[in-house]
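Working notes for the structure below.
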Amino acid sequence: MRIKACNQNQLKGQYTSFVDLAFNPMSHALDVLGGITAEQFLTEYWQKKPLLVRNALPEIIGLLEPDDVKELALEEDVSARLIRQKNKDPNEWHVKSSPLTKGDFQKLPNLWTILVQAVDHYSFDVAELWKKFPFIPQWRRDDIMVSYAPKGGSVGKHFDFYDVFLVQGYGHRRWQLGQMCDESTQFIPDQPLKLLADMDVQFDEILSPGDLLYVPPGLAHYGVAEDDCLTYSFGFRMPNLSEMIDQVSDKFAENALLKNPLVDVARQQTANIGEINSTEFSYLKAELLNYLSQAPEFDAAIMSYMSQSNYPNSIPEPDEIAAEDLIEIIGTGYQLILEPASKLLYRTQADGLDFWANGENVCISKSFENQLKQIADGQSIAFDENLNQPEYLEDIAELLNNAVVMLLPPN
Ligand code: SIN
Ligand code: CO
């Protein structure tokens, strides 16, 4: 029997799933938000102002130790950075991106930080923490980055263009928050990081393990380790128009019909042959925008883009499995879950659900849509007799072979 290896990394640990279907996350007071409802948080804080919650996520304590982060930073395919400040002049910064080597961690200066991206792709326990934020859809997620720094270590005063929940996992970090920044904000010149020269400090608190600080996009922040410290950044990034336009134009380039010249505008005698007159210009613009607004490629391009992983290197390459191989393990306690490194999204269409995973359209039998929807919504489903139907097993084998889902063995 060939079953896809479940643990790509020893960090993938115990997985527990608890989903209460009757629970509406919007109207309940949430511990992770300090007792306010998601509704209130989204109206008053999200994208607007910071929120500090003490002991918001006690589950995070002890999940990772500093050495785990160091080890993970050295793994192949992991995206990590080592940030160093010179001993002689801490205002001089140095950044090294993956691949990092053991040698990089020898002879470190006094002040340094290791940043490891997408730790949720390597640890089930860390991936599980996304469930604490059920009020933000999965397509808005970026990744869970973990930083490790010794006393005094930081990544400098800066701002980000995305929403982030900073959660202290180990040790303590002092966070200062300042002014709102934007594209016109000036950075310190000649440094490898976009650092702010000044911060108008309006918040100054030390976070302990389990504490959470929500920082909206644009808000200047500065976190300095008080001792050996791990900070988890739950990042939520919006797509940018430039990348969306690139994706759409790539998809349109595949349509040979679009290479045919347009029909000419209803033409009258030209007064000035050097001019493109307003009728002509409006015609060209309208033809383009009309096509864009109803083109089938458009929806496919957006869905493909939104379902692409930001860290495709962490998507495992599973061993091929056939539907028949799966029959042997039905009812033995396996669970079907979303592969933590994969992105699975769907859209509700008139004729059913349209699934996209890791940039590709997913074709499954109609009768399996409901189960796949549950998986995309973050639930696990028991691999039991209910799935013992040839078309289901074909779909599941295909999804396993493409690393969209995975089978989690019984405890
Ligand atoms: C850190 O964890 O040191 C930095 C996280 C951030 O500022 O976004
Ligand atoms: Co930041």
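The values are calculated or read from the model by the stated rules, or taken from the named source; none is laboratory data. Here the structure is a predicted model, which means the values were calculated and not measured. Note: ideal-geometry Cβ built from the backbone for every residue, glycine included; neighbour counts use all protein chains shown.
In this structure, does SER233 turn out to be in a helix (DSSP H, G or I) and either surrounded by 13 or more Cβ atoms within 10 Å (Cβ to Cβ) or more than 16 Å from ligand 1 (Cβ to nearest atom) (or both)? Don't jump to the end; show me each part of the working.
Numbers: in a helix (DSSP H, G or I): no; either surrounded by 13 or more Cβ atoms within 10 Å (Cβ to Cβ) or more than 16 Å from ligand 1 (Cβ to nearest atom) (or both): yes.
Here the answer is no, as SER233 does not meet what is asked.
Could you go through segment 247-257 and let me know if any residue there is of a type outside the set (Gly, Ala, Ser), in contact (Cβ under 8 Å) with a residue 40 or more places away in the chain and within 16 Å of ligand 2 (Cβ to nearest atom).
Looking only at segment 247-257, we keep the residues that are of a type outside the set (Gly, Ala, Ser), and these are 247-248, 250-252, 254-255, 257.
Now restrict to residues that are in contact (Cβ under 8 Å) with a residue 40 or more places away in the chain: 247-248, 250-252, 254-255.
Still in the running and within 16 Å of ligand 2 (Cβ to nearest atom): none.
No - not one qualifying residue is present in segment 247-257.
Condition check ((1) touching a Lys or Arg at 6+ places or on another chain (Cβ under 7 Å); (2) surrounded by 14 or more Cβ atoms within 10 Å (Cβ to Cβ)) across all residues:
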residue: VAL32; (1), (2): yes, yes
residue: ILE36; (1), (2): no, yes
residue: ARG54; (1), (2): no, no
residue: LEU57; (1), (2): yes, yes
residue: GLY62; (1), (2): no, no
residue: GLU65; (1), (2): no, yes
residue: LYS70; (1), (2): no, yes
residue: LEU82; (1), (2): yes, yes
residue: LYS88; (1), (2): no, no
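Mind checking whether some residue in segment 381-395 is surrounded by 20 or more Cβ atoms within 10 Å (Cβ to Cβ), small (Gly, Ala, Ser) and touching a strand residue (DSSP E or B) at 6+ places or on another chain (Cβ under 9 Å)?
No - not one qualifying residue is present in segment 381-395.
Pull up segment 240-275, narrow it to residues that are among the β-branched types (Val, Ile, Thr) and exposed (fewer than 10 other Cβ atoms within 10 Å of the Cβ), then point me to the one that is farthest from the chain's Cα centre (by Cα). Reasoning before the result, please.
Of all residues in segment 240-275, those among the β-branched types (Val, Ile, Thr) come to 245, 248, 263, 265, 270, 273.
Right, trim to exposed (fewer than 10 other Cβ atoms within 10 Å of the Cβ) and you get 263, 273.
Working: VAL263: 44, ILE273: 52 Å.
Ranking the qualifying residues of segment 240-275, first place goes to ILE273.
List pairs: first in segment 327-340 and on the phi > 0 side of the Ramachandran plot, second exposed (fewer than 12 other Cβ atoms within 10 Å of the Cβ), Cβ under 6 Å, 6+ apart or cross-chain?
GLY331/GLU385; GLY333/PRO410
Anything in segment 277-304 that is closer than 14 Å to TRP356 by Cβ, without any contact (Cβ under 8 Å) to a residue 60 or more places away in the chain and small (Gly, Ala, Ser)? List them, or say none.
If the condition is that a residue be closer than 14 Å to TRP356 by Cβ, without any contact (Cβ under 8 Å) to a residue 60 or more places away in the chain and small (Gly, Ala, Ser), then ALA301, SER304 are the ones that fit.
Would you confirm whether or not segment 100-122 contains a residue that is more than 30 Å from GLU339 (Cα to Cα), within 16 Å of ligand 2 (Cβ to nearest atom), part of a loop (DSSP other than H, G, I, E, B) and not hydrophobic (A, V, I, L, M, F, W, C)? Walk me through it before giving the result.
From segment 100-122, those more than 30 Å from GLU339 (Cα to Cα) are 103-112; that's our starting set.
From what's left, within 16 Å of ligand 2 (Cβ to nearest atom): none.
Among the residues of segment 100-122, not one is more than 30 Å from GLU339 (Cα to Cα), within 16 Å of ligand 2 (Cβ to nearest atom), part of a loop (DSSP other than H, G, I, E, B) and not hydrophobic (A, V, I, L, M, F, W, C), which makes the answer no.
Could you identify the single residue in SER367, SER307 that is in contact (Cβ under 8 Å) with a residue 12 or more places away in the chain, crowded, with 20+ Cβ neighbours inside 10 Å and among the hydroxyl-bearing types (Ser, Thr, Tyr)? So that I can check it myself, show each step before the final result.
Working: SER367 fails: crowded, with 20+ Cβ neighbours inside 10 Å.
One residue alone meets the criteria, SER307.
Would you call PRO209 within 18 Å of the chain's Cα centre (by Cα), of a type outside the set (S, T, N, Q) and at pLDDT 95 or above?
Working: within 18 Å of the chain's Cα centre (by Cα): no; of a type outside the set (S, T, N, Q): yes; at pLDDT 95 or above: yes.
When the stated conditions are applied, PRO209 does not pass them.
For segment 144-162, enumerate the residues that are more than 10 Å from ligand 1 (Cβ to nearest atom) and surrounded by 22 or more Cβ atoms within 10 Å (Cβ to Cβ).
From segment 144-162, those more than 10 Å from ligand 1 (Cβ to nearest atom) are 144, 150-152, 161; that's our starting set.
Across segment 144-162, the qualifying residue is only ILE144.
Quick one: would you say GLN179 is in a strand (DSSP E or B) and more than 13 Å from ligand 1 (Cβ to nearest atom)?
So GLN179 passes the test.
Going through segment 140-176 one residue at a time, which ones are more than 20 Å from the chain's Cα centre (by Cα) and within 11 Å of ligand 2 (Cβ to nearest atom)?
Answer for segment 140-176, where residues must be more than 20 Å from the chain's Cα centre (by Cα) and within 11 Å of ligand 2 (Cβ to nearest atom): SER154, VAL155, GLY156, LYS157, HIS158, TRP175.
Please list, ordered by first then second residue, the pairs with beta carbon atoms under 9 Å, 6 or more apart or interchain, first in segment 191-219 and under 8 Å from GLY178 (Cβ atoms), second within 16 Å of ligand 2 (Cβ to nearest atom) and of a type in the set (Val, Ile, Thr).
From segment 191-219, the pairs are LEU196/THR185; LEU196/ILE188.
Mind listing whichever residues of segment 24-74 are in a helix (DSSP H, G or I) and at pLDDT below 95? It would help to see each step written out before you state the result.
Our first condition is that a residue be in a helix (DSSP H, G or I); within segment 24-74, this holds for 31-33, 38-44, 58-60, 66-74.
Scanning segment 24-74 gives no hits.
In segment 182-195, is there at least one residue being buried (at least 21 other Cβ atoms within 10 Å of the Cβ) and either in a strand (DSSP E or B) or within 13 Å of ligand 1 (Cβ to nearest atom) (or both)? Even if it seems obvious, please write down each step before you answer.
Initially, segment 182-195 is screened for residues buried (at least 21 other Cβ atoms within 10 Å of the Cβ), giving none.
Taking every residue of segment 182-195 in turn, none turns out to be buried (at least 21 other Cβ atoms within 10 Å of the Cβ) and either in a strand (DSSP E or B) or within 13 Å of ligand 1 (Cβ to nearest atom) (or both).
Kindly list the number of the only condition in (1) surrounded by fewer than 16 Cβ atoms within 10 Å (Cβ to Cβ); (2) within 13 Å of ligand 1 (Cβ to nearest atom); (3) of a type in the set (A, V, I, L, M, F, W, C) that fails for TRP139.
(2)
Which ones in segment 311-340 are in contact with an Asp or Glu (Cβ under 8 Å, 6 or more places away or on another chain) and assigned to a loop (DSSP other than H, G, I, E, B)?
TYR311, ILE315, PRO316, ILE330, GLY331, PRO340
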